[in-house]
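Working notes for the structure below.
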Number of protein chains: 4
Amino acid sequence: MAPISPAATTTAALLDAVATGLVTHDLGRPLTVGMPQSPNHPQYWHALPRRHGDAVRADGGSAANDIITMGTHVGTHIDALAHVSHDGRLFGGVDAVEAGRGGKFVDHGVHTVAPMVRRGVLLDVPAAVGDPAGLPAGHEITPDELAATEQAQGTEVRAGDVVLIRSGWGRLFDDPDRTVYQGKDTGVPGIGEAGARWLADRGVHAAGADTIAFECLPPGAGHAVLPAHRVLLVESGIYIIETLNLEGVAAAGAHEFLFVLSPLPLFGATGSPVRPLAVVGA
Amino acid sequence: MAPISPAATTTAALLDAVATGLVTHDLGRPLTVGMPQSPNHPQYWHALPRRHGDAVRADGGSAANDIITMGTHVGTHIDALAHVSHDGRLFGGVDAVEAGRGGKFVDHGVHTVAPMVRRGVLLDVPAAVGDPAGLPAGHEITPDELAATEQAQGTEVRAGDVVLIRSGWGRLFDDPDRTVYQGKDTGVPGIGEAGARWLADRGVHAAGADTIAFECLPPGAGHAVLPAHRVLLVESGIYIIETLNLEGVAAAGAHEFLFVLSPLPLFGATGSPVRPLAVVGA
Amino acid sequence: MAPISPAATTTAALLDAVATGLVTHDLGRPLTVGMPQSPNHPQYWHALPRRHGDAVRADGGSAANDIITMGTHVGTHIDALAHVSHDGRLFGGVDAVEAGRGGKFVDHGVHTVAPMVRRGVLLDVPAAVGDPAGLPAGHEITPDELAATEQAQGTEVRAGDVVLIRSGWGRLFDDPDRTVYQGKDTGVPGIGEAGARWLADRGVHAAGADTIAFECLPPGAGHAVLPAHRVLLVESGIYIIETLNLEGVAAAGAHEFLFVLSPLPLFGATGSPVRPLAVVGA
Amino acid sequence: MAPISPAATTTAALLDAVATGLVTHDLGRPLTVGMPQSPNHPQYWHALPRRHGDAVRADGGSAANDIITMGTHVGTHIDALAHVSHDGRLFGGVDAVEAGRGGKFVDHGVHTVAPMVRRGVLLDVPAAVGDPAGLPAGHEITPDELAATEQAQGTEVRAGDVVLIRSGWGRLFDDPDRTVYQGKDTGVPGIGEAGARWLADRGVHAAGADTIAFECLPPGAGHAVLPAHRVLLVESGIYIIETLNLEGVAAAGAHEFLFVLSPLPLFGATGSPVRPLAVVGA
């Protein structure tokens, strides 16, 4: 990022920027019935209780509407700090059982996550250190690989950034066998505890990936242990974003962007479906 | 908006702007069980199937999660073009019954709504033409009042803008009697058919308000006729955003801003809950 | 009930009985979107994700299906013993917080309620001691009134019976104002703590009523205190059945019957929607 | 069934029968999160929005409650006649698309299914004609096998009966791999079109089985064609009951019983979860 300009940006200047033709990359996956998701969370389902033609008003108008049922950790989503505890504690030492008393996480629920309008960095790991199509199933991305990617791209990770780590696994999201993307038997690539510490040491605000689990799942291990979740959510107060679509932004070679994410303020919930954006200059 | 600068904005310049201290106004309402909403749509509900302490892993970790059921026209939300038909047609003459065949609106569903990063204009009508606290129940905002507000504020509405119309009704969202904000008996203020035509003539991209219904509901009329929905959604292809929280952005006197809205791509649905942002310069 | 016959009943004799023209009274209310229910529980909602014509197979067949979301204490339903605790204990001294650990009541959940094929007794209180149309709002049915009804009808309440107490309030279920049946402002008639003790002293197996709350709600008191629930569910292990339709069985003058209730075995839940039957001889 | 006795059965005689120690076999499967079900229907999910300890009233009382989301063709359930159409028609020639207009099947919805208190017959096919543990995957039960079973058991199928056909597949319901019971790859045993005509010719009221699909699914065929559903639901007006637990009643050798089934009157729905009972003499 260039040095901060001495004079504050005006709204007019901001809108000038928009008018010059910014490109907005959509990082969210469509939510469809039957899409791959973790079986630990309520399945996404949608139906139309009313369709057009069901009840037409005298003036010729009609309205169709929807019913949705879902977990909050399905589709592209963000984990609030309330999602994970370790040794009975949430981030900041909050008692995890007490925090959920009443059925709502008043502290650390997703309604406490401020909308993000921040510098975003894509670390396209396979493009820098492997087969650009994607890392192998179960591969743990090391701090060295993160640093090598940072260098190869020329995009330094800074405090306050949102860092999105591409493994290439996202290309499997639309596989006809919806369990492939889950990677239950194969494992999935991603960072581990060491990679999480590397991110925490940089002081990032949030971190995301193109997998359901965000972090490396060794083959056959399931979700038995999630050390990167512990380091980021519990120890560091860093949000995690999962099931991102990073293929388009990677194909465009956009490694630095304005990252915008506005989680639904679902009071007391542990996460929210989101549709984050990566905005780049013309 | 100032004339478009000849040279394109770079990502670096955009991030410079962010770094100077932009202010982000949150225009979304928290989603809480029991919040006011239209009784025509499935009620918002949230529960925690798992809480911390329910199942602690051997390594000391545990995860809590959620289940959500809801309509898509509850809380702060956007109407897709599929939501309303007139004389059997959606926008562009699409057959409304056929469009919903299969239980998904492949055409005009909310997954077809592109994320918005656009100029936004707040028309603070009561501040310009009435009691700043809010317009009376059932008051229809006329084109003259819209134009007077535009002039008083010095914020011209232009093609492609997102226009947010404050009536002041949003102050009633937290009334202990959750039916007050619905305004079933009293009616609610808002534009009518004429106001909708004024917006359509300006070529706006989307329009929003701080009420559930967006448009004027005369006292006791219920949702029997919704001419502004017809003009905007069916005749003009203009999206509608409802149940916005405009009190903060109005109190800040922010009448022009970068408007960001990223609807969930709920495949085939007629709307989506959203948390829009108004970003202003320092 | 007549003295137990010395010889056991054979299945053939049972089926003979059926063949002679038993009359089955349906004691369940239809579940419809918008029906009156307690606002403390998730609203009943139904939609058709698929309708006929959405996807016709090559052989000309098609299937329509449903999605349901609901609380378990809506419509005609039974309370499992897990539903209510007092001073931290469920029936039998079970620790109420521990019992719900894991998000399922393994003990005292509704899956532990055995199907009922038992003697049932209707106590038609208003027919015996008041205006047959129904008791006044907020009227507490006393033990004396229960005993007077028992005597007037000639139907002795015995150990193991299911006792259904008609207040007449059920006639308001279909009131166009769906809050009337809830009786939030008016209160609703029903037994109180003393009536519950009378039932417990008789050793009944379950007790039901034609109101949402089962017990008397004094005008304006809401659900602040529910002593009959405590006496029956927590102290006595007696199930409670609510929102029954007792108008038909009362109109038929059927005060003694074979009562059949088969709760859904919703594992770990605190209640279940049910459709109980009262079977009487020809 | 023995000849109908000339004198009508009295309620007292019916209760005498109950008092002699009838045995009630529970034919319903517990509903648990993650149980095997058809992936075509919304997944069963349950959570506790409130647990004990969340909000204790001043008098020491507290209430826990539930939220349920589900399809109606999951767990043990009954198909209403609205569930299946052929060549655009429901049973009786009803226009299938029109019948679903409004999002509710006013005609042939499950709320129109009267509670059943009828003679029930178990046809334990594998016990009569194969390996008593169960028929092979994908085996089509022929009319000859049905007749042979009827004869071997000495239980004639009569008009108005509810006939439950055991294939033995139910033993796989609790297999740790929840897809085994679905039988997607293996196929499942059951009757085919010919068996359905045999049942229709006998004039049965309803027919059930211990599989999700009720009828034979040849290996690898999926649900592509369901001729028995067509013959029973569309051509004959005979209800279908699926995912029954017939292991207990079969082990007890109970081939004739009083069958009781009381579907939830879910207005306009195509099916309902049920917990049917088989009541036999002492």
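In deg cm²/dmol and to the nearest 500, what is the mean residue ellipticity at 222 nm of chain C if only DSSP H runs of at least 4 residues count, each as -39500 (n - 2.57), divided by the residue total?
On the way: 7 runs with 48 residues, N = 282.
Calculated from helices alone, the mean residue ellipticity at 222 nm is -4000 deg cm²/dmol.
Between D:ALA63, D:ALA82, D:ALA147, where does the largest GNM mean-square fluctuation fall for chain D, given springs only between Cα atoms within less than 10 Å?
Answer for the Gaussian network model of chain D: D:ALA63.
Cβ under 9 Å from A:ARG171's Cβ, A:ARG171 left aside: what net charge do those residues give with Lys, Arg +1 and Asp, Glu -1? Could you put the intermediate results ahead of the total?
Details: positive: none; negative: A:ASP174, A:ASP175, A:ASP210, A:GLU247.
Charge balance near A:ARG171 sits at -4.
What percentages, rounded to whole numbers, describe P(r) for segment A:102-169 computed over all alpha carbon pairs with 10 Å bin width beginning at zero?
Pairs per bin, as whole percents: 19, 37, 22, 18, 4.
For chain D, what's the relative contact order in percent, using C-alpha pairs closer than 8 Å and at least 6 residues apart?
Details: 635 pairs, mean separation 80.3, N = 282.
Relative contact order comes out at 28 percent.
Can you give the mean number of other chain Cβ atoms that lie within 10 Å of the Cβ atoms in peptide A:111-123? Don't skip to the end; give the middle numbers.
Details: counts 4, 0, 0, 2, 10, 2, 8, 3, 5, 2, 0, 0, 0.
Other-chain Cβ atoms within 10 Å of each residue's Cβ, averaged: 3.
Going 7 Å from the Cα of D:THR179 along its beta-carbon direction, which residues of segment D:29-48 have the amide nitrogen within less than 12 Å of the resulting point?
D:39
Tally Lys and Arg at +1 and Asp and Glu at -1 over the other residues with C-beta under 11 Å from the C-beta of C:GLY220: what net charge comes out? Please list the in-between numbers first.
Values: positive: C:LYS184; negative: C:ASP185.
My count for the surroundings of C:GLY220 gives 0.
Starting from 0.36 nm per residue, how many nanometres of slack lie between B:ALA194 and B:GLN151 once their C-alpha separation is accounted for? Each step should come with its number before you reach the end.
On the way: separation 43, 0.36 × 43 = 15.48 nm, distance 1.84 nm.
Contour length minus the Cα-Cα distance gives 13.6 nm.
With a 10 Å cut-off between alpha carbons and a GNM built on chain D, which of D:ILE67, D:ILE238, D:ILE141 moves the most?
Comparing D:ILE67, D:ILE238, D:ILE141 in a Gaussian network model of chain D, the most mobile one is D:ILE67.
Roughly how crowded by other chains is peptide B:227-237, in terms of the mean Cβ count from those chains within 10 Å of each of its Cβ atoms? Don't skip to the end; give the middle numbers.
Values: counts 2, 0, 2, 3, 0, 0, 1, 2, 0, 0, 0.
Going residue by residue through B:227-237 and averaging, the value is 1.
With contacts defined as alpha carbon pairs under 8 Å and 6 or more residues apart, what's the relative contact order of segment B:124-198 in percent? Show your work: numbers first, answer last.
Working: 82 pairs, mean separation 33.7, N = 75.
That works out to 45 percent.
For chain D, report the accessible area per residue in Å² (1.4 Å probe, heavy atoms, rounded to an integer). Mind showing how you got there, number by number?
Working: 8960 Å² over 282 residues.
Counting only protein heavy atoms, the per-residue value for chain D is 32 Å².
Suppose we look only past 20 Å in the calculated P(r) of segment A:197-282. What percent of the Cα-Cα pairs does that tail hold?
Working: 1612 of 3655 pairs.
For segment A:197-282, the fraction of Cα-Cα distances above 20 Å is 44 percent.
Could you pull out every one of the lysines with an alpha carbon less than 29 Å from that of D:LYS104, ignoring same-chain neighbours closer than 8 positions?
Partners within reach: B:LYS104, B:LYS184.
Per residue Cα convex hull volume for segment D:12-148, in cubic angstrom? List each step's numbers first, then the result.
Values: hull volume 39.2 nm³, N = 137.
Looking at segment D:12-148, the number lands at 286 Å³ per residue.
Starting from the coordinates of the alpha-carbon atoms of chain C, obtain the Kirkwood hydrodynamic radius over all distinct pairs and give the value in Å to one decimal. Could the numbers behind the result be given before it?
Numbers: mean 1/r = 0.0501 Å⁻¹.
One over the average 1/r among Cα pairs gives 20.0 Å for chain C.
Please work out the Cα center distance from segment D:205-282 to segment A:37-97, rounded to the nearest Å.
What the calculation gives is 33 Å, centre to centre.
Based on alpha-carbon centroids, what's the gap between segment D:99-177 and segment C:164-180 in Å, whole number please?
One Cα centre to the other: 39 Å.
What is the magnitude of the charge dipole of chain C about its Cα centre, with +1 placed on the Cβ of each Lys and Arg, -1 on the Cβ of each Asp and Glu, and no other charges, expressed in debye to the nearest 20?
Details: 18 positive and 30 negative charges, 154 e Å.
In debye, rounded to 20, chain C gives about 740.
So what's the net charge close to D:GLY154: Lys and Arg +1, Asp and Glu -1, counting the other residues with Cβ under 14 Å from its Cβ?
Working: positive: D:ARG158; negative: D:ASP124, D:GLU150, D:GLU156, D:GLU256.
Neighbourhood net charge equals -3.
Inside 10 Å of the C-beta atoms of B:89-101, what's the mean count of C-beta atoms belonging to other chains? Walk me through the numbers before you get to the answer.
Values: counts 2, 2, 0, 0, 0, 0, 2, 6, 9, 2, 3, 9, 6.
Going residue by residue through B:89-101 and averaging, the value is 3.
Please list, short to long, the whole-number percent of alpha-carbon pairs of segment D:24-70 in consecutive 5 angstrom bins beginning at zero.
5, 17, 17, 15, 14, 13, 10, 7, 2, 1
Provide, for q = 0.04, 0.06, 0.09 Å⁻¹, the log10 of I(q)/I(0) from a solvent-free Debye sum over equal Cα point scatterers in the protein assembly as shown.
Debye output, listed in q order: -0.23, -0.51, -1.12.
Give the nm distances, rounded to one decimal, from C:ASP177 to the matching residue in every other copy, measuring between label points 7 Å along Cα toward the beta carbon; shortest first.
For C:ASP177, the other copies' label points sit at 1.2, 6.1, 6.1 nm, shortest first.
Can you give the FRET efficiency to the nearest 0.05 for D:VAL23 and B:VAL106, using r as the Cβ-Cβ distance and R₀ = 35 Å?
On the way: r = 54 Å, r/R0 = 1.55.
Efficiency, rounded to the nearest 0.05: 0.05.
Can you tell which of B:VAL188, B:VAL94, B:VAL157 shows the greatest fluctuation in a Gaussian network model of chain B with Cα springs below 10 Å?
B:VAL94
One decimal, nm, shortest first: give the distances between the label point of A:ARG57 and those of the same position in the other copies, each label point 7 Å from Cα along Cα→Cβ.
4.1, 4.2, 5.2
Whenever you get a sec, compute what percent of the accessible area on the protein assembly as shown sits on carbon and sulfur atoms (1.4 Å probe). Can you show the working numbers first?
Details: 19380 of 35830 Å².
Heavy-atom surface of the protein assembly as shown belonging to carbon and sulfur, 1.4 Å probe: 54 percent.
Given H placed 1.01 Å from N in the peptide plane, which residues other than close sequence neighbours of C:ILE240 have an amide H under 5 Å from its amide H?
C:ASP79, C:ALA207
In the calculated pair distance distribution of segment B:136-282, what percentage of Cα-Cα distances lie above 26 Å? Show your work: numbers first, answer last.
Numbers: 2340 of 10731 pairs.
Summing the P(r) tail past 26 Å for segment B:136-282 gives 22 percent.
Chains D and C: buried accessible surface, both sides, probe 1.4 Å, rounded to 100 Å²? It would help to have the intermediate numbers written out before the result.
Working: alone 13470 and 13480 Å², together 19360 Å².
Answer for the D-C pair: about 7600 Å² buried.
Tell me the Kirkwood hydrodynamic radius of segment C:119-210 in angstroms, computed as one over the mean inverse distance between distinct C-alpha pairs. Don't jump to the answer; show the numbers that get you there.
Working: mean 1/r = 0.0745 Å⁻¹.
Taking the inverse mean of 1/r over all distinct Cα pairs, segment C:119-210 comes out at 13.4 Å.
Between A and C, which A residue has the Cβ nearest their rotation axis, distance in Å?
Taking the axis that maps A onto C, the answer comes out as A:ALA47, 2.
What residues of segment D:266-282 lose no less than 50 Å² of accessible area with every protein chain in place versus their chain by itself (probe 1.4 Å, heavy atoms only)?
With the partner chains in place, segment D:266-282 has these residues losing at least 50 Å²: D:LEU266, D:PHE267, D:ARG275, D:LEU277.
The values are calculated or read from the model by the stated rules, or taken from the named source; none is laboratory data. Owing to the predicted nature of the structure, the values given are computational and were not obtained by experimental measurement. A quick note on method: Cβ atoms are made from the backbone with ideal geometry, for glycine too, and the neighbour counts reach across all protein chains shown. Calculation scope for accessible area: heavy atoms of the full protein, side chains included, ligands and nucleic acids excluded. Shrake-Rupley method; radii C 1.70, N 1.55, O 1.52, S 1.80 Å.
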